């Protein structure tokens, strides 16, 4: 029963939403939006709360480890400071909440992301080798893309740019389109399997 | 040289190349690609005072790339006197989007509520896109600043996508796909995009099929767009560093391969 | 100097210090980022969803039907205890079921049929180059699809087609790698631009 009822609910919502997608009646549209907008948002919001609660629980457990505690405290301080600031001064315009977002979160996040440039450089030196024909094609395509977008003082003129655009617009695009259609068909199949109750991995295992 | 040393050397090289070229402070006029020109022409060709949704669909991590893109798009749209409706489909796009709109609106003497409005963030992007197709005011009962949307002058004649000429999605990930698959497919709204360079190839099939009207990508795309607008900016200023870093990476690939083939020959 | 710029500058350097090696300063900055980002999303979700979509309409405007998603939402907390963990399956059932129902028409229309139509249309070009390019796309598309078709052995024509598909995939991955390099370098340039101009005042 613990697995059957959720399956029935899942199939019911799947069929209803599929049918509602095509209906034009205002009541059908309204029901469609109620589920996709309100239900989804609310359940996801609670899922986020569960995630935050788990984060706090895991970190509190770690507090006892002396070597970890300064980091745990910093993380938790960051987590609690944001809601406290939001509660005290609001979240709009020039509030302290936005100040922390702009001067702490944005630079930290952007710089962590920027580190990837260095790993890409390291990978280019150590891993990007023409070991086989496919690897050579991969390498040459990457070089074409990079070269065409490196026109220092017009060293590489329009023809390089046009050729690179052709590679992107036709051979490269066709492979991407193949992946896209593959994902599309795969998603439709998986969705049907979920609705019909054939795909049940989302239910997890009974504990 | 061991792997740790070679990694550190590759790191140091990139750091030096970017720092030195940035210290030179030289702006480069970037050769405009067809892609950027298409995007420029598309937005330029929209009738005056069109209602346009600018969706900030990116996170804070990609801001160094997305901000110059956002700026050129907003400058172009404000310069053409369009009515702009800002929304954010990712939480972090909220603060960024409002700031960008506010900054550029000031440059063009645009008034909040009359020429532009920022509706803020709506979680669950698919739900938000579908919901705006029925009612923008219903999806956002209040704007970012807490004003009731039904009382905002700009929105008095804008009910849903039927009243919107175009959506410009500023995205660092796959969110533009949802604008295409739900906004365009179900409601027929025209979608264009300014995306992080890494996402350009992802969207190529949609450009080819016409589901995406036009797109511009990356810091280089921003520099090209600045060129078309006839203004300077961080895009043009960064092009020397960008191009030099590309050449540096190419050099690393060549060195890596020469070393590989030599070692294979030896043994 | 603006205090915000000082804080942002110090934090930027703290993260960049990872390039030399993992160190306590980097680790501290990293955990701060995790905490602050989570706090940010929490606040935004609270104000934009829970207050705006649930609590205000339910308790102030008495839209009682919102009790249903509220219950489904509360079921998510069931995950914290063995005896109640089954409850969260009901919430997941709503999300997964409705998500599947919404996805079918969108995926079939926008991703599959429209992309297939566009491919066929590409062959009908006006010039030799356009027809040639269109043919390249057709060959690329079908060979790529055959590479991903696992219901038959990749032997004979199927094997050759799948091999050609690999080459097209390599062109796509290579091009994407090139543009990804561009993207990551741009992000680093953006941070350096901030450090050199706003923080250190070495450039304008």
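The values are calculated or read from the model by the stated rules, or taken from the named source; none is laboratory data. A quick note: this is a predicted structure, and the numbers were derived from the prediction, not measured. Note: ideal-geometry Cβ built from the backbone for every residue, glycine included; neighbour counts use all protein chains shown.
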Count of residues meeting criterion [more than 18 Å from residue B:41 (Cα to Cα) and not in a helix (DSSP H, G or I)] in segment B:205-244: 2
Subset of segment B:104-136 (residues that are over 16 Å from the mean Cα position of the chain (by Cα), touching a residue at least 24 places away in the same chain (Cβ under 8 Å) and in a helix (DSSP H, G or I)): B:105, B:107, B:125, B:126, B:128, B:129, B:130, B:132, B:133, B:134, B:136
Flag if residue C:169 is at the interface with chain B (Cβ under 8 Å from one of its Cβ atoms) and either surrounded by 24 or more Cβ atoms within 10 Å (Cβ to Cβ) or assigned to a helix (DSSP H, G or I) (or both): no
Unique residue being touching a residue at least 24 places away in the same chain (Cβ under 8 Å), closer than 30 Å to residue B:101 by Cα and either surrounded by 21 or more Cβ atoms within 10 Å (Cβ to Cβ) or at the interface with another protein chain (Cβ under 8 Å from one of its Cβ atoms) (or both) when the list is B:46, B:14, B:74, B:23: B:74
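Residue-wise test of (1) buried (at least 16 other Cβ atoms within 10 Å of the Cβ); (2) under 24 Å from residue B:246 (Cα atoms).
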{"residue": "C:144", "(1), (2)": "yes, no"}
{"residue": "C:148", "(1), (2)": "yes, no"}
{"residue": "C:152", "(1), (2)": "no, no"}
{"residue": "C:159", "(1), (2)": "no, no"}
{"residue": "C:162", "(1), (2)": "yes, no"}
{"residue": "C:173", "(1), (2)": "yes, yes"}
{"residue": "C:178", "(1), (2)": "yes, yes"}
Considering residues of segment C:4-40 that are more than 7 Å from chain A (Cβ to nearest Cβ) and without any contact (Cβ under 8 Å) to a residue 12 or more places away in the chain only, the residue nearest to residue B:10 (Cα to Cα): C:20
Residue in segment C:180-203 that is at pLDDT below 90, within 7 Å of another protein chain (Cβ to nearest Cβ) and under 18 Å from residue B:21 (Cβ atoms) present: yes
Among (1) more than 9 Å from every other protein chain (Cβ to nearest Cβ); (2) under 26 Å from the mean Cα position of the chain (by Cα) - the single one residue A:52 does not satisfy: (1)
Single residue of segment B:173-204 satisfying the filter (at pLDDT below 95 and not in a helix (DSSP H, G or I)) that is nearest to the chain's Cα centre (by Cα): B:173
Residue within segment B:88-100 that is part of a loop (DSSP other than H, G, I, E, B) and assigned by TED's automatic domain parsing to the domain that holds residue B:159 present: yes
Some residue of segment B:159-168 being on the phi < 0 side of the Ramachandran plot, assigned to a helix (DSSP H, G or I) and either within 14 Å of chain C (Cβ to nearest Cβ) or surrounded by fewer than 21 Cβ atoms within 10 Å (Cβ to Cβ) (or both): yes
Matching option when the condition is on the phi < 0 side of the Ramachandran plot and crowded, with 24+ Cβ neighbours inside 10 Å, among B:252, B:200, B:240: B:200
Single residue of B:65, B:142 found to be in contact with a helix residue (DSSP H, G or I) (Cβ under 9 Å, 6 or more places away or on another chain), more than 21 Å from residue B:228 (Cα to Cα) and facing another protein chain (nearest Cβ under 10 Å): B:142
Residue list for segment B:137-152, filter: assigned to a helix (DSSP H, G or I) and more than 26 Å from residue C:96 (Cα to Cα): B:137, B:149, B:150, B:151
Output for segment B:22-39, where each listed residue is within 17 Å of residue A:159 (Cα to Cα) and part of a helix (DSSP H, G or I): B:34, B:35, B:36, B:37
Residues of segment B:243-267 satisfying the condition of being under 18 Å from residue B:17 (Cβ atoms) and at the interface with chain A (Cβ under 8 Å from one of its Cβ atoms): B:243, B:244, B:245, B:246, B:247, B:248, B:249, B:250, B:252, B:253, B:255, B:256
Pair list, Cβ < 6 Å and 6+ apart or interchain, from segment A:175-204 residues that are without any contact (Cβ under 8 Å) to a residue 40 or more places away in the chain to residues that are in a loop (DSSP other than H, G, I, E, B) and surrounded by fewer than 23 Cβ atoms within 10 Å (Cβ to Cβ): A:182/C:148; A:193/A:199
Number of the exception - residue A:180 against (1) within 30 Å of residue A:13 (Cβ to Cβ); (2) surrounded by fewer than 21 Cβ atoms within 10 Å (Cβ to Cβ); (3) in contact with a helix residue (DSSP H, G or I) (Cβ under 6 Å, 6 or more places away or on another chain): (2)
Of all residues making up segment B:176-199, the number that are within 23 Å of residue C:185 (Cβ to Cβ) and either in contact (Cβ under 8 Å) with a residue 60 or more places away in the chain or out of contact with any helix residue (DSSP H, G or I) (no Cβ under 6 Å at 6 or more places or on another chain) (or both): 6
Test result for residue C:186, in contact with a helix residue (DSSP H, G or I) (Cβ under 8 Å, 6 or more places away or on another chain) and buried (at least 24 other Cβ atoms within 10 Å of the Cβ): yes
Verdict on residue A:13 being closer than 20 Å to residue C:71 by Cα and touching a residue at least 12 places away in the same chain (Cβ under 8 Å): yes
Of all residues in segment B:231-242 being at pLDDT below 90 and within 9 Å of chain A (Cβ to nearest Cβ), the one that is farthest from the chain's Cα centre (by Cα): B:240
Breaking point among (1) modelled with pLDDT under 95; (2) farther than 30 Å from residue C:87 by Cα; (3) more than 7 Å from chain C (Cβ to nearest Cβ); (4) crowded, with 16+ Cβ neighbours inside 10 Å, for residue A:103: (3)
